[in-house]
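All remarks here apply to the structure that follows.
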There are 2 protein chains.
Amino acid sequence: MILTIKDIAKKAGVSISTVSRVLNNKDLVKDETREKVLKVLETVDYIPNYTAKRLRENTISTIGIIVPDISAAFYAEMIKGVENKANEANCGLIVCDSQNDVKKQRSYTRYLYDGRVDGMIFVVPGLDDNELAKINADGLSIIVFGKDTESLGIGSITVDNFNGAYQAVKHLILHGYKRIAYIGGMEAHNDYDHQARMAGYRQAMDDNHLEIADGYIDNGGYTEEGGTSAFARLLKLKNPPDAVFCANDEMALGVLKVAKKNSIKVPEELGLIGFDNIRICQYTSPTLTTVSQPTLTIGTLLGERLIFKLHNKNNNIINTNLVLKPELIVRESCGCYK
Amino acid sequence: MILTIKDIAKKAGVSISTVSRVLNNKDLVKDETREKVLKVLETVDYIPNYTAKRLRENTISTIGIIVPDISAAFYAEMIKGVENKANEANCGLIVCDSQNDVKKQRSYTRYLYDGRVDGMIFVVPGLDDNELAKINADGLSIIVFGKDTESLGIGSITVDNFNGAYQAVKHLILHGYKRIAYIGGMEAHNDYDHQARMAGYRQAMDDNHLEIADGYIDNGGYTEEGGTSAFARLLKLKNPPDAVFCANDEMALGVLKVAKKNSIKVPEELGLIGFDNIRICQYTSPTLTTVSQPTLTIGTLLGERLIFKLHNKNNNIINTNLVLKPELIVRESCGCYK
DNA sequence: ATACATTATGGTAACGTTTTAATAAATACA
DNA sequence: TGTATTTATTAAAACGTTACCATAATGTAT
């Protein structure tokens, strides 16, 4: 038998309103009455109907997050950060996996948008500015990771990809590598990670007066297989690279695989640096040098900021872009220990 | 401006009941009227208030899942399977990370239980039978992974851990290893995985007339560090093992680390098999032989069965335990390619 | 034409909560 | 003691939907 506030009121011999006030720790209730109600609550197993509460309060106390791939360590860790914060705020978290598909991302957006959440987190949105702006205008609190949306009045967090890439490539150069290639992400104009990392690569090469040979910029779509085929193409060039910087670790794993197959020694004959610092980097041989993004921190910050927004709807102080610094994690594949 | 069904009714010149019927594709509405309503719906941006709908229908169309660690690949993949199915059923998914802590698991249970979900999935529950039975009795649909709860009238999915362990150990024996040790999980009586895998190990040793030396059964708590220290202890025995079977891959990684540090050659001087087939197994050197659990399939099945239950509350056909067969994935660490 | 089904529509209660406004009780002040 | 003020309590409206029941419109058989 499921009890309602009405049952409690009857049992305690008070009105519904009084029980409600006790439940919500409101003042204006005599200690004596409060005790009476609390005593009843102790003896029975009453669970408030949150749906009714939400209908009345016009809130959902749930947030949503849409990530490209829930089973990728990078995003799983980020979700964990968000989850912690949401939980602290007694707020549910609905996780959606868009499977790297903008269409699916759009349909999930719609799904969440249909009154299922108070706010949502877009991780690397494929949606364009107009779409994001519209959702924001509709009063749903949103926050974005992976794209600077400050100009749209939407808070966001980004990692300084340019700087991370620059550090990585500069590091390779310091080790004496000269023919450095870049394997990027999606080629699409809305792949901001790719664009910024490529720019960092270019700048580092340029600052050190190194030439980027024809074909040295290739794409692997962020997957291991993509990295495999991209590096295979690079090897076929008449003057193959002596080092590769990859826009993520997955692709670096692909490169490593091909290098092993072709008996190319890493780092002796090929320098290699990835991006993201996924856990596998520690276990490959050689271990993978990479650029680390503080995923858990990012998740925590995303959660924190969204929840702040939820509670301060009209405070725009947080609708700004926060840039986090990535960090070069030196391991074996860059040549530091050869 | 947020529209309600009332606004639509007014605009279409019909009653709210009619609009409701159109929205829910009920019959008993004339084509002409339906058209009229649909036309209005096309021109405006009406989003039904799901909270109200749920209050009225006494449903939440949301399920919850509690996993020990969201950022562990094993569970992330499982969640992905659940997520797919939930989404197909137009059902939200709330993910909770209990951080391997029974207390947290309990508080999350309470959190979800408080009218936030229609049903929930317990992945490797630390809760005891009484607790589970109580939740089940309260009419919340639940399903469990990692523990056979059929006798409680709760549907569950388990992997045949005994068989998986048996296969693994037998495989080691076939390669000629004789002094085989086992590194288990939690030692606790409610760590069913551990119990079953240990039993499989014992049986395989017994069937092949091999002795389990003193100290050959140790525990590592499923973490890499745990594996590290457990193997360190094993090495200190006066007759150290020539092979180790670990109750999961994380601990096998720890073993591998210590072996490398002590220049013990795997698989020449030490055979090693793990459990779970996490992705890292493919990248270590040597690559790790392991027992694979079909995580994605498990997730899919969990989602499917829970949603079936939601729609068929009184159908007990599904309150049964489903046993999945694990598969030995042969790689280098077991000695197949030495 | 009348009676009777059948089909279509509308009015309204209900879901369980919070909150506002009204009322009752207690306290303070003159 | 009586009035004004504060404090405590309650009744009832509201949140937006669905579903039951009543009524109206239409169709069919006598």
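The values are calculated or read from the model by the stated rules, or taken from the named source; none is laboratory data. The structure presented is a predicted model; accordingly, all values stated were derived computationally and were not measured. Ideal geometry is used to build each Cβ from the backbone, glycine not excepted, and the neighbour counts take in all protein chains shown.
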Looking at segment A:239-338, what strands (runs of 3 or more DSSP E) fall wholly within it and have at least 1 residues that are at pLDDT 95 or above and out of contact with any helix residue (DSSP H, G or I) (no Cβ under 7 Å at 6 or more places or on another chain)?
A:289-292, A:321-324, A:327-329
Test of understanding: among B:Thr62, B:Thr43, B:Thr33, which residue is more than 43 Å from the chain's Cα centre (by Cα) and in contact (Cβ under 8 Å) with a residue 12 or more places away in the chain?
B:Thr33
Could you tell me whether A:Asn24 is among the polar types (S, T, N, Q), within 13 Å of DNA strand D (Cβ to nearest atom) and more than 9 Å from chain B (Cβ to nearest Cβ)?
yes
What pairs come out if I take residues in segment A:101-116 that are facing chain B (nearest Cβ under 8 Å) and pair them with residues that are part of a helix (DSSP H, G or I) whose C-beta lies under 6 Å away, six or more apart or interchain?
A:Gly115/B:Tyr50
Name the pairs whose Cβ atoms lie under 8 Å apart, with the first residue in segment A:1-16 and within 14 Å of chain B (Cβ to nearest Cβ) and more than 11 Å from A:Val44 (Cβ to Cβ), the second of a type in the set (A, V, I, L, M) and within 7 Å of DNA strand D (Cβ to nearest atom), and 6 or more positions between them or separate chains?
A:Ile5/A:Ile16
Of the numbered conditions (1) modelled with pLDDT of 90 or more; (2) more than 8 Å from every other protein chain (Cβ to nearest Cβ); (3) in contact with a helix residue (DSSP H, G or I) (Cβ under 8 Å, 6 or more places away or on another chain); (4) away from DNA strand D (no atom under 14 Å from the Cβ), B:Ile79 fails exactly one; give the number of that condition.
(2)
Considering residues of segment B:104-136 that are farther than 17 Å from B:Met78 by Cα, in contact with a Gly (Cβ under 9 Å, 6 or more places away or on another chain) and among the aliphatic types (A, V, I, L, M) only, the residue modelled with the lowest pLDDT
B:Leu112
Filter pass, A:Val95 being outside any loop (DSSP other than H, G, I, E, B) and away from chain B (no Cβ under 12 Å):
no
Would you confirm, using the coordinates I've provided, whether B:Ile60 is touching a helix residue (DSSP H, G or I) at 6+ places or on another chain (Cβ under 8 Å) and under 21 Å from A:Pro48 (Cα atoms)?
yes
Do you know which residues across segment A:82-92 are in contact with a strand residue (DSSP E or B) (Cβ under 8 Å, 6 or more places away or on another chain) and more than 9 Å from chain B (Cβ to nearest Cβ)?
A:Val82, A:Ala86, A:Cys91
